[in-house]
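These notes are about the structure you will find just below.
The values are calculated or read from the model by the stated rules, or taken from the named source; none is laboratory data. If you're wondering where the values come from, they're calculated on a predicted model, not measured in any experiment. In this analysis, Cβ positions are derived from the backbone assuming ideal geometry, glycine residues included, and neighbour counts consider all displayed protein chains.
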């Protein structure tokens, strides 16, 4: 069972979340591929490489991630999303598990809108969207976390994600891996 | 394996979709419960009955449905959604499969917004959202259907849903049943 | 120039925001109507009174507000929204200014989704949506506020809204009043 | 009074809508700037030119437009949107009027999601969002149009937008011009 974590990160904080999620995947004894979108893969605003699509073709689940820029997914990652239209025509990703994560510099910086977009992207592909289970200690430390449930949504005003965010992100990765694993055992 | 179809229907068209979806569930040799929200269950704007929650507790999947009124879910159904907060605290519906359907009288009547709300509701419960696979004949009859993929979205200006809508809705029901079935075989 | 503040509040925190917004309206030398949705106005899940619609008919702007329940507007308030379909057919509210506010008990409790719904409701009526200008001190106290811009979004785990929330909400009310006032001077 | 129509168009259908909207602006005796985003302005996935921002600085209103790709705004246009963060810090576009349009090849191709994104972008800038008034003949030809109200949403399976779409798009342009004009007369 293999999970692709495909993401764009400019300042590195989203990359840190991607790594935490991957650790969560690994904890469930699953493999992962960290697929980082880079500027060189984008020519004239279009994502031009086929490599990541081929990797995801062979994965059971895919986790989308990028920072929230101006109330939505970073354009660099959207370029990758648009590229996945190559897999839309024959719905070849249908039935895979999908999930998402994002990071913003403001608690109300519209991170939900980015997660909603990822959920729509998954819908276009006929995927199964894995939501986040609420951390059981939801009454505590209310100021330090967003508690979004459509995916992982972080607030990172600085350069490093918090220990708490590492834990919550890893839990989300484990969750995706867990469902994909149980399900793929049957198919 | 049992699927709950919980819905509100005023004019009966949404009820027809609910029935078509249930037939799709049955076609996969799964059981279903048709749970129709009625005005009497709502007192002072709040849904007061516990019965449907108890039924859903015992189901593997739940499909939410209602007409789109003024760009969102009908208030009567939203009253039921708010009632499900009784299952939010302990996240006891976490891991169940969920899906949605809606009907509007206009092709651009914001049906997507209702499906997006259902997806958020599923997120709050930590459920797995089942998206719709694109009908394979997606090039044909483009004027007669919406082809939404986050769930079933119908356009019913009149009193009866079209034959095509019955087929597409049934396919969505079958799809939810199929995933729930494969998955529940393991747990 | 008159602004209607129509809202539902269960625990009273949303009511406190409504009052703060109204004070902001008054500060711009404008009048306001505080229209609180109550359970008695809702029979069998439908909002039955015409009074608020008549009041809004005579206002230049309307500000919608309610708590976020299960990731969307409280059903009680949605019942009022559905009732406004009486003004949709002839688009008689077209051109009025509109804005929104919501309160949740969690920073990532999907408050944005409620504001998005209010924006769609305004769209259905052909209204002009007034967004929130970012507080100028946006670098400070980042943990204590959401900084949403589609409207006022508060986090109120307890019984009373913070002093900061009172200030930000009042600013939103003043902003709506300001635009309505300038505009209505011409028509 | 000047309106900027900033958009991306690949196949030319979105360009046709942009032109129709501009004609609507002109009909109200207002000026317009057609600002078309091109691939060369995007380097490594980022929009690098400042020219359009400077033009919009001097406009009273801005209308955003692009095709809907994979359930959201085309990445090329999102690159421009991200670039506007240069005007977010000091909220210098606050109070301008804004509106949006999109085109998809499917009636249920999630065009609403693109319009919702544009509305969020406008929110981040503290702009006033101009919604679409429902065409008065809303009962007719229901199969041929979407009747979205958050902006103009077209369905163009082929190469040319319909005569009806030209009319509806022009009406939206006129509407934005009309509000901006009345308002700017005062400031």
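From the list C:90, C:60, C:86, the lone residue that is in contact (Cβ under 8 Å) with a residue 60 or more places away in the chain and either more than 10 Å from every other protein chain (Cβ to nearest Cβ) or more than 13 Å from the chain's Cα centre (by Cα) (or both) is C:60. The residues of the range D:151-168 that are within 14 Å of chain B (Cβ to nearest Cβ) and over 18 Å from residue D:96 (Cβ atoms), listed by number, are D:152, D:153, D:154, D:155, D:156, D:157, D:158, D:162, D:164, D:165, D:168.
Each row is one residue, and each column tells you yes or no for (1) out of contact with any helix residue (DSSP H, G or I) (no Cβ under 8 Å at 6 or more places or on another chain); (2) more than 14 Å from chain B (Cβ to nearest Cβ); (3) without any contact (Cβ under 8 Å) to a residue 60 or more places away in the chain.
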{"position": "C:5", "(1), (2), (3)": "no, yes, no"}
{"position": "C:9", "(1), (2), (3)": "no, no, yes"}
{"position": "C:20", "(1), (2), (3)": "no, yes, no"}
{"position": "C:31", "(1), (2), (3)": "no, yes, yes"}
{"position": "C:45", "(1), (2), (3)": "no, no, yes"}
{"position": "C:49", "(1), (2), (3)": "no, no, yes"}
{"position": "C:54", "(1), (2), (3)": "yes, yes, yes"}
{"position": "C:73", "(1), (2), (3)": "no, no, yes"}
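Kindly indicate whether residue A:101 is in contact (Cβ under 8 Å) with a residue 60 or more places away in the chain and within 30 Å of residue C:132 (Cβ to Cβ). Taking the combined requirement at face value, the residue satisfies it.
Given the criteria more than 14 Å from chain C (Cβ to nearest Cβ), within 16 Å of residue B:123 (Cα to Cα) and modelled with pLDDT of 95 or more, does residue A:122 qualify?
Numbers: more than 14 Å from chain C (Cβ to nearest Cβ): yes; within 16 Å of residue B:123 (Cα to Cα): yes; modelled with pLDDT of 95 or more: yes.
So residue A:122 passes the test.
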